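Report on one structure; see the data block that follows.
The values are calculated or read from the model by the stated rules, or taken from the named source; none is laboratory data. Only a predicted model underlies this, so the values are computations on that prediction, with no experimental measurement involved. Cβ placement follows ideal geometry from the backbone for every residue including glycine, while neighbour counts extend to all protein chains displayed. Note: areas computed on protein heavy atoms with side chains; ligands, DNA, RNA excluded. Shrake-Rupley method; radii C 1.70, N 1.55, O 1.52, S 1.80 Å.
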Amino acid sequence: MTMKKLSWILLITGLFSVIILMAVYPEAVLQSALRGLEIWWEVLFPSLFPFFVISEVLLGFGVVHLIGTLLDPLMKPLFRIPGSGGFVAAMGYVSGYPVGAKLTAKLWEQKMVNRDEGERLVAFTTSSDPIFLIGAVSIGFFHNPRIGLILALAHYGSGLIVGLLMRFHGQKNSSALDQSIELPKGNRIKTALRNMHKAREEDGRDLGTLIKHAVQSSLQLIIVVGGLVVFFSVFLELWTRAGVIPVINQIVNALLSLVGIPEQLSTALVGGLFEVTLGARYAGEAGEMIPLAYKAAAAAFILSWGGLSVHAQIASILNATNLRYIPFMVARLIHGVLAVVAVLIFWTPIMGKTSTTLLIPDGVSDISYNGYSHVMVVFCTLLGSIIGFLLFMEVLRLLKGKFRNFPR
């Protein structure tokens, strides 16, 4: 029996078990579905949808070609991907999964990356967004803003290491653009602006049509994301009622005991195997006797693995391309292990020897506990300036066309 047939049998068996359990536990289905819908509406929709729309608009304006030309000397030697991957990396790290995969698929459609380059790009640009990592995990679940610093260093730092490791993935001479970015002599910035303008002309859509298409495609993707979150929330609850999850917990307990990690973290790891939000919450709410470093390491692994809910989102996006899912899954496992190691190594230098949870005093703003808000302000200001400049140039282009056709 081939691996593909076995995976299909397991998938059909799992879905059939869910159908039976839905009839046995109808009330649990409703409650878990409402919890998943709440997560989507209150966390994922407001944090992801604006970035989906903005990224689509920036793609239409040719910003990806601008950044690609500027970053090509950096991205190729380090990650063996075209410079346009720098745009995907920036948007993916800021807006979180599955934006990196979505933009990579767009580059593949525009023939700006081939299969090996796309797989490398998806592998290290799929990450948690900083707003979720800082706000929801460190403050909401751990009640300790300082956790956000070490989680960010471990999560994003190990993601870049994964990108360096993935440069060895694929054929050595597989770049689709090795000879396509031969820049003429002169200012690289001027060449980048020229490439952006050329891409904008080739796109051809006016501003209204571009925004309309961006909203439509972004709504379609965010609905798929919400459906997967609700499904895995129901799936996890039903398997817990059926006793499958407790059995998995026991297996994970045995594995954790072999490496000296507290067994109480098994609930968080098993929950994070399926859904990242549930797993991170379980890690933060684990027993007070568990050292905070171990709970943070568990959260780092869960954030880097992403949960099967995120994996399903990525697989649904990659399904429209020739990019394979297996390299992405292997990269997620490597990312998770590296993030755990990073947390345990840098815990004492960053957090000190304390292992207690720092509670946020009432009446004190959460923003004052971390400097990430300042970074986000700078990034959003820069992004807004770029969009404003592009809109201004678009208006000038339209006015120029109007005056050119004005009768004299």
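Kindly report the accessible area of the stretch 1-151 per residue (heavy atoms of protein chains, probe 1.4 Å, no ligands, DNA or RNA), in Å². It would help to have the intermediate numbers written out before the result.
Working: 6150 Å² over 151 residues.
It amounts to 41 Å² per residue over the stretch 1-151.
Going by a ≥ b ≥ c, the root eigenvalues of the Cα gyration tensor, does the stretch 185-324 fall in the rounded group (a/c under 1.5), the prolate group (a/b larger than b/c) or the oblate group?
The shape class here is prolate.
Quick one: with all protein chains in place, what share of the accessible area of the stretch 70-124 is carbon or sulfur, to the nearest percent (1.4 Å probe)? Please report the intermediate quantities before stating the final value.
Values: 980 of 1490 Å².
C and S fraction of accessible area: 66 percent.
What number comes out for accessible area per residue over the stretch 234-348 if the probe is 1.4 Å? Units Å², please.
Accessible surface, normalised per residue, equals 41 Å².
Carbon-plus-sulfur fraction of the accessible area of the stretch 193-252, 1.4 Å probe, in percent? Before the final figure, lay out the partial values.
Details: 2010 of 3200 Å².
Percent of accessible area from carbon and sulfur atoms in the stretch 193-252: 63.
Of the accessible area of the stretch 281-345, with the probe set at 1.4 angstrom, what percent is carbon plus sulfur? Write out the running numbers ahead of the final one.
Numbers: 1700 of 2510 Å².
The nonpolar share, carbon plus sulfur, comes to 68 percent.
Output needed for the stretch 254-326: three equivalent-ellipsoid semi-axes, defined as square roots of 5 times the C-alpha gyration tensor eigenvalues, in descending order, whole Å.
Working: eigenvalues 163, 29, 15 Å².
Calculated on Cα positions only, the semi-axes equal 29, 12, 9 Å.
Whole angstrom only: what separates the Cα centroid of the stretch 101-122 from the Cα centroid of the stretch 231-298?
34 Å
Among 191-203, 225-237, how do they line up by average Cβ neighbours within 10 Å per residue, starting with the highest? Before the final figure, lay out each step's value.
On the way: 191-203: 16.6, 225-237: 21.8.
Highest to lowest by the protection proxy: 225-237, 191-203.
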